[in-house]
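The next block holds one structure in the form of structure tokens; read it before the comments.
FYI, it's all coordinate maths here, none of it is from the lab. What you see is a predicted model; the values in this text were computed from it and never measured. Cβ placement follows ideal geometry from the backbone for every residue including glycine, while neighbour counts extend to all protein chains displayed.
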Amino acid sequence: MPAVGEPGAEPLRGVTVAVVGLGYVGLPTALSLWGAGARVLGIEVSAQRLRDIRSGYVDLLPAQQAELAVAGSTEDFLLTDDPDAMSRADAIVICVPTPVTQDHQPDLRSLRRACATVVERAVPGQLLVLTSTSHVGTTRELLLTPLAARGLRAEEDILVAFAPERIDPGNDRHTPENTPRIIGGAGPVSSWAASRLLAPTASQIHEVADPETAEMAKLWENIFRAVNIALANELADACAHLGLPTLPVIEAAATKPYGFMPFYPGTGAGGHCIPCDPYYLLSQLPAGDTSAPLLRTAMTALRERPSVIAQQAHDLLADDGVALSCARVLVLGVAYKAGVSDVRESPALPLLDLLAERGANVHYSDAHVPTLARGDRELRSVTSPQDEAWDLVIIHAAHPGGDLNWLDAVPRVLDSRHRLRTPTPTAAR
């Protein structure tokens, strides 16, 4: 990678960076690099995604939306579906999704294709940075080894590093520029170059010895969250059994200045990280309950959480002599979390299915998700839920700025998040 520009407002001026994959990670990454002065080549195989980006119909924070509008009008932010464009770049940043299959096995098809495309077109002197979360050894397997087979030696002919993404969609406190970045290079020169590239887009850089350490660190941080979310769900149920409100208990525990971090209950865990990343580690461990039993139990609990909420809905209605099969039920929010329109792995989706299977007349309301495909059905968001009669409202995700005061008139509210300060009398069980 050539020397970056002088320190200042645009430290990456003169550097051309190809960002491969413009999803929820790649697009903010591209904008951060452009904001630091780089000329960005955004490479995306999905024609629909490119159209959405060009039209501004993408899930970004308001400040990022404004930045996209400006960047898109310049010659330094180019979008293309032509992978040959990456050969013109000084650095290539790979940001493609790494989901899991329906049976919870790592699905590396997109990542393998992207890395193979990059390796095929890599030229001497480039810096390649992988950001996609995957199993330990991925960078070596998909980049370093095939590059060597091409005669491109790491640290001599080409530079390679793993720098896991830390994107928190919908959260303006955790933009890339405000978040530390881990760098694990194939060697000291690769680490130095990757740090120079990404430092202007992060609050600080933390270098580790090799790509494998960085890969494990990324898995560790998301597994930590998965286990603690599962624990928060379990303890919230314990509070309910004891007749205690959950939120004041969490807030009280969080006053401890050491050894505690608050996690909150809900209908499960959604999005691209928590429901998926732990399986990339589990795939490398011996099968069976004796290997990582705590993690396996936590992931099972998260998968089963929607069925627990469905049963709570049944019980709440039954307490008042109402059958779930005869009830009008509204799920409030179906995005995987508040403030976004992303429904990937959202636990609200199996919750809707479970309620429908039990005979409920189930609907949803989400201003960020106007339509939703469930099997051969297309559901439409209820735009004015306050104007309709519901036997039960289940809160999954309440988007910022939404008015929940209308819930006071609903006979039963099941807040899976345990966040309502003053639950309706019939919901305080």
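For His206 and Asp353, compute 0.36 nm times the residue count separating them, minus their Cα-Cα distance, and round to one decimal in nm.
48.6 nm
Can you work out the base-10 log of I(q)/I(0) for region 16-209 at q = 0.10 1/Å, using the Debye formula on its C-alpha atoms alone?
-0.37
Using the Kirkwood formula over every pair of different C-alpha atoms, what hydrodynamic radius in Å results for the chain?
On the way: mean 1/r = 0.0430 Å⁻¹.
Result for the chain, one decimal place: 23.2 Å.
Quick one: length gained pulling Tyr264 to Glu120 fully straight, 0.36 nm per residue minus the C-alpha distance?
Difference between extended and current length: 47.3 nm.
Among all helices in the chain defined by DSSP H, which have a length of 24 Å or more along the axis from Cα atoms plus a Kyte-Doolittle mean of at least 0.0?
Answer set is 211-241, 293-318.
Compare the peptides 24-37, 383-396 by average per-residue count of other Cβ atoms within 10 angstrom and give them in order, highest first.
On the way: 24-37: 24.4, 383-396: 18.0.
Highest-to-lowest ranking by the protection proxy: 24-37, 383-396.
At a Förster distance of 22 Å, what's the computed FRET efficiency of Thr300 paired with Thr213, Cβ-Cβ distance as r, to 0.05?
Numbers: r = 29 Å, r/R0 = 1.30.
The computed FRET efficiency comes out at 0.15.
Could you please rank Lys218, Lys337, Lys256, placing first whichever residue has the fewest other Cβ atoms within 10 Å of its Cβ?
Listing Lys218, Lys337, Lys256 from fewest to most nearby Cβ atoms yields Lys256, Lys337, Lys218.
Roughly what % antiparallel, to the nearest 5, for the DSSP beta bridges in the chain?
Given both bridge residues lie in the chain, the antiparallel proportion sits at roughly 15 percent.
Under Stokes-Einstein, with the Kirkwood radius over Cα pairs standing in for Rh, what whole-number D in µm²/s applies to region 293-386 at 20 °C and 1.002 mPa s?
151 µm²/s
Given 0.36 nm per residue, what is the gain on full extension from Arg51 to Arg225 after removing their alpha carbon distance, in nm?
Full-extension gain reported as 59.2 nm.
How much mean residue ellipticity at 222 nm does the chain get from its helices, if each DSSP H run of length 4 or more adds -39500 (n - 2.57) and you divide by all residues, to the nearest 500 deg cm²/dmol? The partial results should precede the final answer.
Working: 11 runs with 139 residues, N = 429.
For the chain, the value works out to -10000 deg cm²/dmol.
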